[in-house]
Amino acid sequence: MSASRETLHSLFYKMAAIGTTFVSVSLLVRNMGPTAYGAWATLASALIWIQLSDFGIGSVIRNRVAAGHPDEELHQSIATAITLTGAIGLGLILVYAAAWRHVSVARDYPLESALMYLSAFLVLPTSVGMNILQGLGLSRVTFQASLCQVVLWLGFILWLGPRPSITVLAVGFSVLWACVCLYQLYRGLREMGLANTAFLRRLTHVRPSREVIALMRIGGAFFLLQVTSLVLFNLGTYLSYTSFSPAAAAKYDVLNKIYQIPLTLFNVVIVVAWARISREASARNAGRLQNIQIGLLAVALAGTLTLFLVSIFVVRPFVRLYSHGQIDVSQREVMAFSIQVTIQLVAYAGAVFMNAVERLRIQILFALASAVLFVPVFQMLRASGLDVASVPLSTALVMLPGALWFNFYVRSHIIHPLRVAA
């Protein structure tokens, strides 16, 4: 399948999943009320941290699959990655057992957090399957699985009816999460011809130390980027819960879900482009790389213009309607999210090139600086009375320098040297 058709199919499945998720959230807000929903949203938001806690190993596998490494070498890398992420998952269970009392939402909901987080730790190795599929250019399969998950989740919510128990929600969500993750691992291995007993035996063999070190070295760089990204983009619900109130967390979560739509759709394009960039960079094709960059920036610009128009005229009345009158947001909060997403779109357009060719050091420096500055900037804006708007504005301010530099770097340090060498 061509890259354009892969992108269109992926966009279709992702848009359907977004629509289904919106219906689910609206039902939960109505059935639970903003306070209980804010607690549930805070619990669920932590799963993003767990999903990306593979120390970047999955991103390394995605690049190796896309670049077409020799079969035996690649199969060994995949086996090592699954074994390593399994060990990481077990280690994280021990960390959770020692630290859960110090996390407010886990302390408030100990059973529910244990159900959700421990099951996610156990299925962490399945994240390798998603990265295999994306490296093969089969992103649509991961989005099909995601759509199936959210449709079943919506059915579960409808079946529970009014005032659902957070404990029951945690059980249902955990089961669906695990099933989808296991399916993606199976499908990825099947596409590679590895869904067999011979590969299972390979998992039990001792890994060569050089392979483990290589995965951890490059993966560690991706992990630093993932952690800093999580600080910037996935602490908002938790900060709103602890700094303001559960109702403020509900407000942040609803707005965040609305503004995740342009980011999610752009990420579909990014995921497909990542594999293409890896292939074209391996082939040293500067012209095609430049066309990809221009295309990504054009999509980001079109998304930004649409975003601001929707923000000005649509978002506030939509939130009130969507929450059944239980949540109201200000124009200042809406525009703060618009600014954050605009800068994210520009940053992603450049960062995907650096990820695909594993130019990670400059990204790490910017990401670490942003993560260190984020909380102080948030506290400063919070003290000025911005409330929930302080979270997206903090993210926007600390990201802006990196967003501009990444795109300059791609043109001057990745594309231009290939053009000169040709």
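Taking 0.36 nm per residue of separation and subtracting the current Cα-Cα distance, fully stretching the chain between Phe12 and Ile362 would add 122.6 nm. Helices in the chain, meaning DSSP H runs of at least 4 residues, each add -39500 (n - 2.57). Divided by all residues, the mean residue ellipticity at 222 nm is -28500 deg cm²/dmol. Translational diffusion coefficient of region 7-138 (Stokes-Einstein, Kirkwood radius from Cα pairs, 37 °C, 0.692 mPa s): 193 µm²/s.
Restricted to Cα atoms, the chain shows a radius of gyration and a Dmax of 21.2, 65 angstrom.
Relative contact order for region 236-313: 19 percent, from Cα pairs under 8 Å spaced at least 6 residues apart, divided by residue count.
Please compute the contact order of the chain in relative form: average sequence separation of alpha-carbon pairs under 8 Å and at least six residues apart, divided by the residue count, as a percent.
Working: 528 pairs, mean separation 98.1, N = 422.
With pairs under 8 Å counted, the relative contact order is 23 percent.
For Arg101 and Ile312, FRET efficiency with R0 = 41 Å and r from the beta-carbon atoms, rounded to 0.05? Efficiency, rounded to the nearest 0.05: 0.35. At each listed q (0.15, 0.16, 0.20 Å⁻¹), what is the log10 of I(q)/I(0) that the Debye formula gives for region 264-422 modelled as equal alpha-carbon point scatterers? Summing over Cα pairs of region 264-422 leads to -0.87, -0.94, -1.22. For Val123, nonlocal amide neighbours, meaning residues 5 or more places apart or on other chains whose placed amide H falls under 5 Å from its own, do not occur. If you model region 63-109 as an ellipsoid using its alpha carbon gyration tensor, with each semi-axis the square root of five times an eigenvalue, the axes come out at 37, 11, 5 Å, biggest first.
So if R0 is 25 Å, what FRET efficiency would Trp159 and Ala114 give, r being the distance between their Cβ atoms, rounded to the nearest 0.05? After rounding, the FRET efficiency stands at 0.60. Solvent-accessible surface of the chain, taken per residue with a 1.4 Å probe and all protein chains present: 43 Å².
When you count, for each residue, the other Cβ atoms within 10 Å and take the mean per peptide, how do 239-246, 379-386, 23-30, 319-326 rank with the highest first? Write down the numbers at each step before the final one.
Working: 239-246: 20.0, 379-386: 13.5, 23-30: 18.2, 319-326: 15.5.
Answer by packing, highest mean first, reads 239-246, 23-30, 319-326, 379-386.
For region 10-94, the fraction of 1.4 Å probe accessible surface lying on carbon and sulfur atoms is 70 percent. A straight line joining the Cα centroids of region 356-422 and region 263-307 runs 18 Å. Membrane-span-like helices in the chain, defined here as complete DSSP H runs extending at least 27 Å along the helix axis by their C-alpha atoms with mean Kyte-Doolittle hydropathy no lower than 0.5, are 3-51, 71-99, 139-160, 166-191, 209-233, 246-282, 286-313, 331-356, 361-383, 390-409; this is a sequence and geometry rule, not a statement about a membrane.
The values are calculated or read from the model by the stated rules, or taken from the named source; none is laboratory data. These numbers come from a predicted model, not from an experiment. Cβ: placed from backbone, ideal geometry, glycine included. Neighbour counts: every protein chain shown. Side chains are part of the model used for accessible areas, which takes the heavy atoms of the whole protein and leaves out ligands, DNA and RNA. Shrake-Rupley method; radii C 1.70, N 1.55, O 1.52, S 1.80 Å.
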